[in-house]
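Just below is one structure, and these are the notes that go with it.
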Amino acid sequence: HILQAPIPEWLKTIAVSTSALMMFSVLTFGANIGMTIRWAWHNIFSNVPLRFILFGFINYIFVSIQGTFQAFRDMNLYLHFSQWPVMHSHLALYAAFGIAIMGCMFWLVPRITGKKLYSKKLMDVTWWITFMGFITFMAGMMLAGLVANASWYAHLTIAQTLPVLPSYFILRAIGGGIVVVSAFLFAINIIMTFLSKPLVHHENLETYGGAEQK
């Protein structure tokens, strides 16, 4: 973000360099997690908490690679001052960390409280709504950003650019609404789990988030 700011050039060079060096730790982390689960990827079809966590992990790797490339001067000059950086921020905060935390909560809460998850079906529905909301939400911002950036690059004015963006903002609003719905469903499942009665024997908790069909 500071490449387009009125600061000394040497500070911008340091920012670009450190962003590039960040990829070493990101790729090391990615390789470690990827090799750890290399024979267990099929579990995402039956284990919804794992599906949330791995989806967040994949988005973390993606947003980190994206961030490094956006730190290079030419790429930054083209992509800045549009919806693209906003999409990049949401990809980190929501798609990587937010979704991973949802999966961790689904897995941890039943084990910490000794209670069964309120609804396995609701957890599965939450996953699909979260996934669809995320794709729609991100697509709206990504497309709006690319269209705006292409306009700025072609030296078009704001008056020429803004009329072509509302459809992408509508797509973003729809996706954002779906994301809010998924957050409410997640909260209901977790809150109802806390309000439910604890199990007599903790060993009865299932590996699959301790959920029962409802």
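The values are calculated or read from the model by the stated rules, or taken from the named source; none is laboratory data. Predicted model, so just to flag it, every value in this text is computed and none were measured. FYI the Cβ positions are ideal-geometry reconstructions off the backbone, even for glycines, and counts take in every protein chain you see. Heavy atoms of the whole protein, side chains included, go into the accessibility calculation; ligands, DNA and RNA do not. Shrake-Rupley method; radii C 1.70, N 1.55, O 1.52, S 1.80 Å.
Annotation note: Cβ proximity below 7 Å between a residue of region 64-79 that is touching a residue at least 60 places away in the same chain (Cβ under 8 Å) and a residue that is surrounded by 14 or more Cβ atoms within 10 Å (Cβ to Cβ) and of a type in the set (A, V, I, L, M, F, W, C) (sequence gap 6+ or interchain) occurs for A71/A15; A71/V16; R73/L3; R73/V16; N76/L3. Total residues in region 32-76 satisfying the condition of being among the hydrophobic types (A, V, I, L, M, F, W, C) and over 20 Å from L21 (Cα atoms): the figure is 13.
Going by the structure shown, is F194 among the aromatic types (F, W, Y) and at pLDDT 95 or above? Judged against the criteria, F194 is not a match.
If you go through region 121-131 and keep only what is surrounded by 17 or more Cβ atoms within 10 Å (Cβ to Cβ) and touching a Lys or Arg at 6+ places or on another chain (Cβ under 7 Å), you end up with just W127.
Taking M141 as the residue in question, decide whether it is open to solvent by less than 30 Å² (accessible area, probe 1.4 Å), closer than 18 Å to N47 by Cα and modelled with pLDDT of 95 or more. Here the answer is no, as M141 does not meet what is asked. Scanning region 6-23 for residues that are more than 21 Å from the chain's Cα centre (by Cα), assigned to a helix (DSSP H, G or I) and either surrounded by fewer than 10 Cβ atoms within 10 Å (Cβ to Cβ) or not small (G, A, S) (or both) turns up E9, W10, L11, K12, T13, I14, V16, T18, L21.
Pull up region 89-110, narrow it to residues that are open to solvent by 20 Å² or more (accessible area, probe 1.4 Å) and touching a residue at least 60 places away in the same chain (Cβ under 8 Å), then point me to the one that is nearest to F131 (Cα to Cα). Step by step, filter region 89-110, then rank; the result is Y94.
Condition first: of a type in the set (A, V, I, L, M) and under 26 Å from W107 (Cβ atoms). Can you find one or more residues in region 137-147 that meet it? The answer is yes; a qualifying residue exists. Between V63, V86, the distinction of being crowded, with 17+ Cβ neighbours inside 10 Å and aliphatic (A, V, I, L, M) belongs to V63 only. Criterion first (touching a residue at least 60 places away in the same chain (Cβ under 8 Å) and either open to solvent by less than 50 Å² (accessible area, probe 1.4 Å) or not hydrophobic (A, V, I, L, M, F, W, C) (or both)) does F52 satisfy it? Yes. Checked across region 40-59, the condition of being part of a loop (DSSP other than H, G, I, E, B) and modelled with pLDDT under 90 holds for at least one residue.
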